Each structure stands twice: as C-alpha cells, then as structure tokens.
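Each remark here refers to the structure printed beneath this line.
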Amino acid sequence: MAQVVAHPSLTRIGASTHLIVQDKPMLLLAGEVHNSASSSLAHMENVFDRARELNCNALFVPVSWELIEPEESHYDFSLLDGLLEGARKRTLRLIPLWFGTFKNTWSSYVPGWVKLDQSRFPRQQASRGVNTGAVTVFCDEVRRCDALAFASMMHHLRKADAVHQTVVMVQVENEVGMLGASRDHCDLAEQAFTSHVPADLMLYLQEHANTLRPELGVPWQRAGREVSGCWSHVFGSAADEVFMAWHYARFVQTVAAAGQAEYALPMYANPWLVQYQGEEPGRYPSGGPVAHMIDVWRAAAPAIALLAPDIYVDDFKGVCADYTRSGNPLLIPEARRDKAMAAKALYAFGQHAAIAFSPFGIESVGLKGVPDIDGVVAAASLGNESSPHPAEVLAQTYQMIQDMMTDIVSCVSASRSVGILQTGNSAEIHELGGYRLQIEYSQPLDATRSPAGGIVLSPADGEFIVAGFGFAIRFLPPSGCSGNVDFLKLWEGAYHKGNWIPGRRLNGDEYHLRLAPSPSVRRATVYLLK
Ligand code: DGJ
C-alpha cells in the first residue's frame, strides 16, 4: 500500500517551529523572483537555472489573480502548472505569492473585469470622493471573488501537487495596508468606522491584556476598566490604524480560510515595515501586519500562521527580534539584495530559528552590470581570495546550510545555537554550550565586502560546530569562573549531505578557530584549565 505522506505543515520541535516537508524539517534557502518574472514560463527558465546556480532550494513566485481568472469564473492554471514543472525539474520548492486584491497596497493585479467595474468593486479613498488604485478593503464583493479565485487555485494545487509537495507554503496577498491616509474615507469605510468595535476583537484584547503591544493604545486595558464603543472611543489616537488592521486582517482571513478549506497548506502575510521611528501610518501602509499590530492580526486572522517581515531597513537584527518577541516564527520572504545577504541568512537561521530566508530579485544576484538593492554593481569576475563576491558567498552559504541542515535543526530546536551578523567592529560575547564565546571580527565593516556572518551550534556542552566567514572565536570560561579554555580537538572539514567529513586536524600554527572570508566549517571540543 502506498504510504500516506502528510501535507507540508508548521510543527513545533522543542523551542522552535519548523516547516515539515515530506515528513522532514526543511529550512527554505530561497529567493524571491522579480514581480513580473513568473508571468512568462520562457522567462522563468533562466530564473530557475539562476536559482539553482545560487544553490537555492526554494523560490517565492508571484501568482497573479488577473492571469488565473482573466474572465470571471474562467480559470487558467497553465502558468501555475508550468511553474510546478519548472521547479520540479530543478528540485526546487515553491511558495506562491497570491497577488490578489492587494499588492503593495494597490489593486494592480486584479483582473480587468474587476478594474473596470468600479460600482461593483468600489475604490479606496484617501480623501473623500477621490478614488485610488486600490479596491476598498470594505468591499464584500471583491473579498468574495478574491476568496473564490484563491480557493480554486488551492483546489488545483491539491490535485496537481499534494503528492509532489513542490508547493510548501503560500503567501496571501502582498504588503496590504493603505497609503496616503491613516484610514479609508470611502462611503463603506466611513460607515464601518462609526460602528462598534467587534466583540471578537474586544474579547481577544481582554484575554491577552498582559501581553499586548503597548503601541496598541489600550491604556484602559491595563487600568482594568471595561471600555466598549466605536473605534475612536476604544483606541483613541491609534484608532485609524487598528480599524484598518482589523479589516485588512479579516479580509486576508476570509481568503486564506477559503484556500485552506481546499488544501490546508501553511499560510502567512507579509508587511511593508515602518521605515523609521516615528513614521506615521499612511506613510507606511496603515493596517498592514507591522509588528505593533500583531495582536490585532492574530485576533482577526487565525488562518494566518505567521507574519513574515520583508526586511529592507538597515536594522535587520532589530526587525528579527521584534517579529519573534511574542512567539511569531520568523520567515523572511524578502530581504535586501546586498552584500550582507549570506551573513543575514546565517544569523536568521542560527539566532532566530528562521523558517526561510530570501533575497528579493534573486535572479539578479551577482549579474554583471545589475546593481544590488544597495547599489553595488557586480564586478566582471566573481571576486578574489580576500573579498569573494556576495553572490558567491550566498551560493556557498546556501550549500553549506543545506548540507548541515539536520544538525542545524536539532541544535536550534534545543536552543543550542547562536547566529552571527557583523554590525560593528567590536568583539561580542555569547553564552553557549557551557562557555562564553568571544566573537572577534577579522576585518572592520567596509562597504566593499560582505560583513562577517555565521552560525554556531553546540550539540553538547564543550562541543561546537562553527560555520560562516570573517570571524574568530576565543573560548572563555562560563560567567563566574576563572581560568583558561583550551582545545581538546580542533578540526577543519565540511558537511556533505548531512555527514561531517573531517579534513585536517588543526594544531600548532593553526591552533585557533578563525574563519576565512569564504564560508567554511570547523568543529571544536574545548575544556577548562582549572
Ligand atoms: C516589496 C514588494 O513586496 C515586492 O513585491 C517588490 O515590489 C519589492 N518591494 C521591490 O523592492
């Protein structure tokens, strides 16, 4: 009898949540393709090949409503089928991005029959009477049609892919929220704004009073007072954003739940982040799943397993911390395509048990003449010994993580790992495996090369697996102890398909744990000199 394999799922293993594919935990070493790439299968051939050259094991690819349902109720899944086939040929997994009613707040990916019927699908208004390019989130009809289309796609995916599991997760809409004003002012929105805050949201806030984000603006909650009424009364100055967040999240919930009824894959939503402290909602998309709206999104959208930040801001570490603080598993569908991407990947997997890391515009990574998002143009050759090209570092890093995935998952889920990402030049100290690890960077931060990055695992006290580049580790006794720490054994080597293949035993002139500018692995056993 054929063995039944469970659908891809998110499962808690020890301290962290992992994506399980064909019964095994999988870290998505991914890239997101440019927005228009997946509208052409011919174009995708090179994109798929480039992803394989970079040692990706997965791709985030747009699937747009307008191409799936060009005429109402007439679906065309040929593009999707072609994407599945192209990915399978290269052993890549896919995460479709459902570009439905909302893509970066706008409704540019809705079918023509939605765009042109503005009385059936009324528009959002930043100021009264002036329509924008977004259908209003308060339009029940667009929500119904979007959910129907999404459900049809999931139905098709179940038939076409449940056995293969090429598709492992799905993103629902893209960077939702409203720009230009903190809330919508169309007739439907005005009406909704005067109604009472839904009982479901009030109940959630009461039940989670002790863990709510302070930015939510519910001081009455902490004062133990019962408050109810309209949005302004309950949320004061945060009312517009909370109101929009509730309605966007309910919209996404309807779409996600309709899809999950057909094929229950894990689903997530991605925010356009607040770009700087003090930025006002409406400058960034108001109502999107930004970190300070996480409670509202959780209350409104239980079908969404996690909120997954698109990280283009400089403070990568800060965003990872913000999104994991309340137990939200970390998944990064979009990261800046820059010289730090490999170091960021190692940090996210090692420090925060990330499920996925994915630079945006992966097919452009390292292409001659194409600037990275931070403006660096790939050189004609792929680097030299002292400064390898970021594309090469990413490819080697992805291969290294792939080969050591089993050990990473087991240490990360036992909270026996740290991630390294160089954001300054001074040494930093981590406690791991019964010792203090002093991380010393080999080179100062410099615009022309990748910052240091790494992952340190400790399968047992005194034992360490160190993978990455650009730093050294000095082992120190645990806090409160004096004395020195010495190596009992120190190996260079490499992982191959999950197995450690030792190289030289390091001693004498090589009796130190220092990683070169290109990714490599060391194993060390240390002991305390009492
Ligand atoms: C964020 C969006 O989510 C992506 O689809 C893409 O438009 C990038 N921005 C471009 O930088």
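The values are calculated or read from the model by the stated rules, or taken from the named source; none is laboratory data. This one's a predicted model, so the numbers in the text were calculated from it and none came from an experiment. Heads up, the Cβs are rebuilt from the backbone with ideal geometry, glycines too, and the neighbour counts pull from every protein chain shown.
Quick look at the values:
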{"read-out": "Residue ranges of strands (runs of 3 or more DSSP E) in the stretch 418-529 with at least 2 members under 22 Å from D315 (Cα atoms)", "value": "428-432, 435-441, 453-460, 463-469"}
{"read-out": "Criterion (modelled with pLDDT of 60 or more and either in contact with a strand residue (DSSP E or B) (Cβ under 8 Å, 6 or more places away or on another chain) or within 16 Å of the ligand (Cβ to nearest atom) (or both)) met by exactly one of L382, L394", "value": "L394"}
{"read-out": "When residues of the stretch 126-151 are limited to those that are of a type in the set (K, R) and more than 27 Å from the chain's Cα centre (by Cα), the one nearest to S73 (Cα to Cα)", "value": "R144"}
{"read-out": "Scope the stretch 274-293; condition closer than 29 Å to I20 by Cα and either surrounded by 23 or more Cβ atoms within 10 Å (Cβ to Cβ) or among the hydroxyl-bearing types (S, T, Y) (or both); matching residues", "value": "G288, P289, V290, M293"}
{"read-out": "Residue match in the stretch 87-97 (condition: under 30 Å from Q125 (Cα atoms) and either within 16 Å of the ligand (Cβ to nearest atom) or not β-branched (V, I, T) (or both))", "value": "yes"}
{"read-out": "Criterion (among the small types (G, A, S) and within 25 Å of the chain's Cα centre (by Cα)) met by exactly one of S16, S78", "value": "S16"}
{"read-out": "Subset of the stretch 482-507 [modelled with pLDDT under 95 and among the hydroxyl-bearing types (S, T, Y)]", "value": "S482"}
{"read-out": "Filtered residues of the stretch 27-39 (kept if more than 11 Å from the ligand (Cβ to nearest atom) and within 14 Å of the chain's Cα centre (by Cα))", "value": "L27, L28, L29, A30, G31"}
{"read-out": "Test for A151: is it surrounded by fewer than 17 Cβ atoms within 10 Å (Cβ to Cβ), among the aliphatic types (A, V, I, L, M) and either modelled with pLDDT of 95 or more or more than 28 Å from A126 (Cα to Cα) (or both)", "value": "no"}
{"read-out": "Pairs where the first residue, in the stretch 517-528, is closer than 18 Å to R504 by Cβ and the second is charged (D, E, K, R) and in a loop (DSSP other than H, G, I, E, B), C-beta under 9 Å, 6+ apart", "value": "S518/E385"}
{"read-out": "Unmet requirement for S78, which otherwise passes all of (1) within 16 Å of the ligand (Cβ to nearest atom); (2) free of Cβ contacts under 8 Å to residues at least 12 places away in the same chain", "value": "(1)"}
{"read-out": "Residue match in the stretch 339-359 (condition: within 13 Å of the chain's Cα centre (by Cα), surrounded by 24 or more Cβ atoms within 10 Å (Cβ to Cβ) and on the phi > 0 side of the Ramachandran plot)", "value": "yes"}
{"read-out": "Where a residue in the stretch 386-415 is touching a residue at least 12 places away in the same chain (Cβ under 8 Å) and its partner, wherever it lies, is surrounded by 20 or more Cβ atoms within 10 Å (Cβ to Cβ) and of a type in the set (V, I, T), with Cβ under 6 Å and at least six apart", "value": "A391/V365"}
{"read-out": "Residue ranges of strands (runs of 3 or more DSSP E) in the stretch 118-217 with at least 3 members in contact (Cβ under 8 Å) with a residue 60 or more places away in the chain", "value": "123-127, 170-174"}
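Per-residue answers, yes or no, for (1) under 19 Å from G498 (Cβ atoms); (2) touching a Ser or Thr at 6+ places or on another chain (Cβ under 9 Å); (3) of a type outside the set (S, T, Y):
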| residue | (1), (2), (3) |
| --- | --- |
| D407 | yes, no, yes |
| I429 | no, no, yes |
| F464 | yes, yes, yes |
| A467 | yes, yes, yes |
